[in-house]
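Novice: Sharing a structure here in structure tokens format.
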Amino acid sequence: MIAIEGVSKRFDAARDRRHLALNDVTLSVAEGEFVSILGPSGCGKSTLLYIVGGFVEPTAGRVLVKDVPVRGPGPDRGPVFQEFALFPWKTVLGNVMYGLQQGGVPRAEALARSRELLTMVRLSAYENFYPKELSGGMKQRVAIARTLAYRPNILLMDEPFGALDAHTRTGLQNDLLHIWDKDRKTVLFVTHSVEEAVFLSDRVVMMSSAPGRIKQIFDIDLPRPRSRAELLLDRRFQDYVVEIEKMFDDTAQQAPA
Amino acid sequence: MTRLTSIPGLPPLLACLGILVVWELLARWYGLNGLPPASQALPQIPHILSDKESLIDMGESLRRMAIGYGLALLIAVPIGLWMGRSRYAAAFFNPLMMVIYPVPKAALMPIIMLWLGVGDASKTLVIFLGVTLPLIYHSYQGSRAVEEKLLWSASAMGLGGFARLWRVVLPAALPEILVGCKTGLVLALITMVTSEMIARQAGIGNIVFVSLDLGAYDTVYAMIVIIGMLGILFDVGFEVLRRRLVGWADSPHTIMVGSA
């Protein structure tokens, strides 16, 4: 589904200040797979996601989606950002409908689909609210609904729950898994929370920083559908978290602070 | 006092009354020709506002102001938005703005009069110039500050470059653009009056100066009060419009208006 082939990214802040954010990253993601990219801050994990999204061009290498090279953003890859990036001048409903109307879906149909999605993220009662009137968790649920609305095959999630408090965060993780279980889209999920990565993913890709490269890939062999309450008691879940966290600590220590 | 200040409209009303009282007392105290008391100047206002000729004059002024302002909107906002999104456009227009911004637009009036004469065109052009720069500046700042991820979200939905400028950058920058519009509105009023003082022919500024020459000081003061009231009227009207247009945004920062 997604093939990342030898992707490198260098940022030239000035002639003498070059920063190699990603160095020769190769990864393939199967259709319907939930893959988390985990790493210390500054390891280029978000940059990698932006390159798959077509928002940022790689310095070297390429990304193929369904065997077609990525040349720019497209509605087959739907982003969800940590900053929510909702259109503040649109209501909740207007935000969710935006992509559908852009894609030429008739208004009545767009309205029906948007309302259905808002019900799914439990925000039906808020369709006429503006983003500034919502809490962080609600904003992110709107953003997820807005992206799901235009039916991307791939979800690109850039630390989507990073700006939320712990309680809201676990709530949204459950919501996301619940939604994902319905149609099993391919998901690339960037996070710096080990527990979050293990809870959600089929595979966890651990990156090291400066320059960012893949350090190790963990297969998370836990049954689905997953429930947080059960997994927390599950020995295998605990082992994954401890093992990955240990490696994460080693990686972070090697990185320049 | 907190109870008094919480009544809407009361504090500014009290301030106005205060000024009138001070004016009246000073005028009576000094008894100067050039400073008639408020009680003498203010009654001129209804006279002026019921005089057909001065109404035509004022209408002319406002028409020029509207045209100059409208043209500035049409030209400045797209340039500003473009500058905020293109490094090349910013590199081209920024130095130009730096040079033109501190020049008092009224100081250009003699040159403009040389080219275009003393008629409508010169005055409208000066108003246009006065309004253009703050509008470009604020549109530029607003456009530059648009969150990159808003644009990314839009491009993932399939919006192309122009559609993003029109349907994402413009609305996202609108609160800041309106700050420029508000500054521009005051500047338009100022440049309108000054242009008519320099190229005296017709208009509000002309009434002020002709009255001054005739020694009709109460009319001069009455006209200044009328101009001030026009300013307040525009400001209130603009606030109503702003709240309707960008009620979705957080409240804007307070605006300081420079002189022109």
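Residue by residue, here is whether (1) modelled with pLDDT of 95 or more; (2) surrounded by fewer than 20 Cβ atoms within 10 Å (Cβ to Cβ); (3) more than 23 Å from A:THR26 (Cα to Cα) holds:
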| position | (1), (2), (3) |
| --- | --- |
| A:PRO69 | yes, yes, no |
| A:GLY78 | yes, no, no |
| A:ALA85 | yes, no, yes |
| A:GLY103 | no, yes, yes |
| A:LEU111 | yes, yes, yes |
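Novice: I want to confirm something. Restricting to segment B:171-208 and keeping residues that are within 14 Å of chain A (Cβ to nearest Cβ) and open to solvent by less than 20 Å² (accessible area, probe 1.4 Å), which single residue is farthest from B:LEU81 (Cα to Cα)?
Specialist: Applying the first criterion (within 14 Å of chain A (Cβ to nearest Cβ)) to segment B:171-208 yields B:171-178.
Now restrict to residues that are open to solvent by less than 20 Å² (accessible area, probe 1.4 Å): B:173, B:177-178.
On the way: B:ALA173: 8, B:ILE177: 9, B:LEU178: 13 Å.
Looking at residues that are within 14 Å of chain A (Cβ to nearest Cβ) and open to solvent by less than 20 Å² (accessible area, probe 1.4 Å), I get B:LEU178.
Novice: Which condition breaks for A:VAL63 when tested against (1) open to solvent by 30 Å² or more (accessible area, probe 1.4 Å); (2) more than 9 Å from every other protein chain (Cβ to nearest Cβ)?
Specialist: (1)
Novice: Taking segment A:77-91 as the region of interest, how many residues are more than 7 Å from every other protein chain (Cβ to nearest Cβ) and under 14 Å from the mean Cα position of the chain (by Cα)?
Specialist: Step one: of segment A:77-91, the residues more than 7 Å from every other protein chain (Cβ to nearest Cβ) are A:80, A:82, A:84, A:86, A:90-91.
Next, only the ones that are under 14 Å from the mean Cα position of the chain (by Cα) stay: A:80, A:82, A:84.
Adding up the residues that qualify gives 3.
Novice: Can you give me the number of residues within segment B:122-144 that are within 12 Å of the chain's Cα centre (by Cα) and polar (S, T, N, Q)?
Specialist: Final tally of qualifying residues: 1.
Novice: Identify, from the list B:ILE136, B:ILE79, B:ILE112, the residue that is in a helix (DSSP H, G or I), modelled with pLDDT under 90 and more than 30 Å from A:ARG146 (Cβ to Cβ). Talk me through it step by step, then tell me what you get.
Specialist: Numbers: B:ILE136 fails: modelled with pLDDT under 90; B:ILE79 fails: modelled with pLDDT under 90.
Sole residue among the options that is in a helix (DSSP H, G or I), modelled with pLDDT under 90 and more than 30 Å from A:ARG146 (Cβ to Cβ): B:ILE112.
Novice: Restricting attention to segment B:1-35, which residues are at pLDDT 90 or above and assigned to a loop (DSSP other than H, G, I, E, B)?
Specialist: Residues satisfying the conditions do not exist here.
Novice: Now for a separate question. Somewhere in segment B:219-233, is a residue at pLDDT below 85, open to solvent by 80 Å² or more (accessible area, probe 1.4 Å) and not acidic (Asp, Glu)?
Specialist: Residues of segment B:219-233 at pLDDT below 85: none.
Scanning segment B:219-233 turns up no residue that is at pLDDT below 85, open to solvent by 80 Å² or more (accessible area, probe 1.4 Å) and not acidic (Asp, Glu).
Novice: If you check every pair at least six apart or on different chains, which have Cβ atoms under 6 Å apart with a residue in segment A:53-76 that is farther than 17 Å from B:LEU150 by Cα first and a residue that is of a type in the set (Lys, Arg) and part of a strand (DSSP E or B) second?
Specialist: Sorted first by the residue in segment A:53-76, then by its partner, the pairs are A:PRO58/A:LYS9; A:THR59/A:LYS9; A:THR59/A:ARG10; A:PRO69/A:ARG62.
Novice: I'd like the full set of residues that are in contact with a Gly (Cβ under 8 Å, 6 or more places away or on another chain) and farther than 18 Å from A:PHE237 by Cα, limited to segment A:184-214.
Specialist: A:ARG184, A:LYS185, A:THR186, A:MET207, A:SER208, A:SER209, A:ALA210, A:PRO211, A:GLY212
Novice: Kindly evaluate A:ILE144 against the criterion of being within 14 Å of chain B (Cβ to nearest Cβ) and in a helix (DSSP H, G or I).
Specialist: On the way: within 14 Å of chain B (Cβ to nearest Cβ): yes; in a helix (DSSP H, G or I): yes.
For A:ILE144, the condition - within 14 Å of chain B (Cβ to nearest Cβ) and in a helix (DSSP H, G or I) - is met.
Novice: Suppose we filter B:ILE100, B:ILE112, B:ILE127, B:ILE136 for residues that are more than 18 Å from B:ILE79 (Cβ to Cβ), β-branched (Val, Ile, Thr), more than 14 Å from every other protein chain (Cβ to nearest Cβ) and in contact (Cβ under 8 Å) with a residue 12 or more places away in the chain; which single one remains? Show your work before the answer.
Specialist: Values: B:ILE100 fails: more than 18 Å from B:ILE79 (Cβ to Cβ); B:ILE127 fails: more than 18 Å from B:ILE79 (Cβ to Cβ); B:ILE136 fails: more than 18 Å from B:ILE79 (Cβ to Cβ).
Going through B:ILE100, B:ILE112, B:ILE127, B:ILE136 in turn, just one is more than 18 Å from B:ILE79 (Cβ to Cβ), β-branched (Val, Ile, Thr), more than 14 Å from every other protein chain (Cβ to nearest Cβ) and in contact (Cβ under 8 Å) with a residue 12 or more places away in the chain: B:ILE112.
Novice: Let me ask something else. Would it be correct to say that B:LYS52 is among the charged types (D, E, K, R), open to solvent by less than 20 Å² (accessible area, probe 1.4 Å) and at pLDDT below 95? Walk me through it before giving the result.
Specialist: Numbers: among the charged types (D, E, K, R): yes; open to solvent by less than 20 Å² (accessible area, probe 1.4 Å): no; at pLDDT below 95: yes.
The answer is no for B:LYS52.
Novice: Would you confirm, using the coordinates I've provided, whether A:LEU118 is of a type in the set (A, V, I, L, M), over 26 Å from B:PRO175 (Cβ atoms) and under 21 Å from the mean Cα position of the chain (by Cα)?
Specialist: Working: of a type in the set (A, V, I, L, M): yes; over 26 Å from B:PRO175 (Cβ atoms): yes; under 21 Å from the mean Cα position of the chain (by Cα): yes.
The answer is yes for A:LEU118.
Novice: Name the residue that is farthest from the chain's Cα centre (by Cα), counting only residues in segment A:206-234 that are of a type in the set (A, V, I, L, M, F, W, C), open to solvent by less than 20 Å² (accessible area, probe 1.4 Å) and under 26 Å from A:LEU49 (Cα atoms). Break it down stepwise before answering.
Specialist: Narrowing segment A:206-234 to residues of a type in the set (A, V, I, L, M, F, W, C): A:206-207, A:210, A:214, A:217-218, A:220, A:222, A:229, A:231-233.
From what is left, the residues that are open to solvent by less than 20 Å² (accessible area, probe 1.4 Å) are A:206-207, A:218, A:220, A:222, A:231.
Adding the requirement that they be under 26 Å from A:LEU49 (Cα atoms) leaves A:206-207, A:218, A:220, A:222.
Numbers: A:MET206: 15, A:MET207: 15, A:PHE218: 18, A:ILE220: 17, A:LEU222: 20 Å.
Per the criteria, the residue is A:LEU222.
Novice: I need the full set of residues from segment B:56-69 which are surrounded by 15 or more Cβ atoms within 10 Å (Cβ to Cβ) and either farther than 17 Å from B:GLY231 by Cβ or touching a Cys at 6+ places or on another chain (Cβ under 8 Å) (or both), in order please. Explain how you work it out, then say what you get.
Specialist: Taking segment B:56-69 and keeping what is surrounded by 15 or more Cβ atoms within 10 Å (Cβ to Cβ), we get B:57-58, B:60-62, B:64-65, B:67-69.
B:ASP57, B:GLU60, B:ILE67 - these are the residues of segment B:56-69 that are surrounded by 15 or more Cβ atoms within 10 Å (Cβ to Cβ) and either farther than 17 Å from B:GLY231 by Cβ or touching a Cys at 6+ places or on another chain (Cβ under 8 Å) (or both).
Novice: Identify the residue in segment A:130-141 that is in contact (Cβ under 8 Å) with a residue 40 or more places away in the chain and open to solvent by less than 60 Å² (accessible area, probe 1.4 Å) and, among all such residues, is farthest from the other protein chains (Cβ to nearest Cβ).
Specialist: Just the residues of segment A:130-141 that are in contact (Cβ under 8 Å) with a residue 40 or more places away in the chain, to begin with: A:130-132, A:134, A:136, A:139-140.
Now restrict to residues that are open to solvent by less than 60 Å² (accessible area, probe 1.4 Å): A:131, A:134, A:136, A:139-140.
Working: A:PRO131: 8, A:LEU134: 12, A:GLY136: 15, A:LYS139: 13, A:GLN140: 13 Å.
This residue is A:GLY136.
Table: residues versus (1) in contact with a Phe, Trp or Tyr (Cβ under 7 Å, 6 or more places away or on another chain); (2) open to solvent by 10 Å² or more (accessible area, probe 1.4 Å).
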{"position": "A:LEU123", "(1), (2)": "no, no"}
{"position": "A:ASN128", "(1), (2)": "no, yes"}
{"position": "A:TYR150", "(1), (2)": "no, yes"}
{"position": "A:GLY171", "(1), (2)": "no, yes"}
{"position": "A:SER201", "(1), (2)": "yes, no"}
{"position": "A:VAL204", "(1), (2)": "yes, no"}
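Novice: OK, next. Which condition breaks for A:ASN95 when tested against (1) open to solvent by less than 60 Å² (accessible area, probe 1.4 Å); (2) away from every other protein chain (no Cβ under 14 Å); (3) polar (S, T, N, Q)?
Specialist: Status for A:ASN95: all satisfied but (2).
Novice: Here's a check for you: in segment B:149-167, which residue that is at the interface with chain A (Cβ under 7 Å from one of its Cβ atoms) and not small (Gly, Ala, Ser) is surrounded by the most Cβ atoms within 10 Å (Cβ to Cβ)? Full working, then the answer.
Specialist: Restricting attention to segment B:149-167, the residues satisfying the condition of being at the interface with chain A (Cβ under 7 Å from one of its Cβ atoms) are B:149-150, B:152-153, B:155-159.
Still in the running and not small (Gly, Ala, Ser): B:149-150, B:152, B:157, B:159.
Details: B:LYS149: 18, B:LEU150: 21, B:TRP152: 21, B:MET157: 26, B:LEU159: 20.
Here the residue is B:MET157.
The values are calculated or read from the model by the stated rules, or taken from the named source; none is laboratory data. Keep in mind that what you see is a predicted model, and the values were worked out from it rather than measured. Neighbour counts run over all protein chains shown; Cβ positions are idealised from the backbone, glycine included. All accessible areas refer to the heavy atoms of the entire protein, side chains included, with ligands and DNA or RNA removed. Shrake-Rupley method; radii C 1.70, N 1.55, O 1.52, S 1.80 Å.
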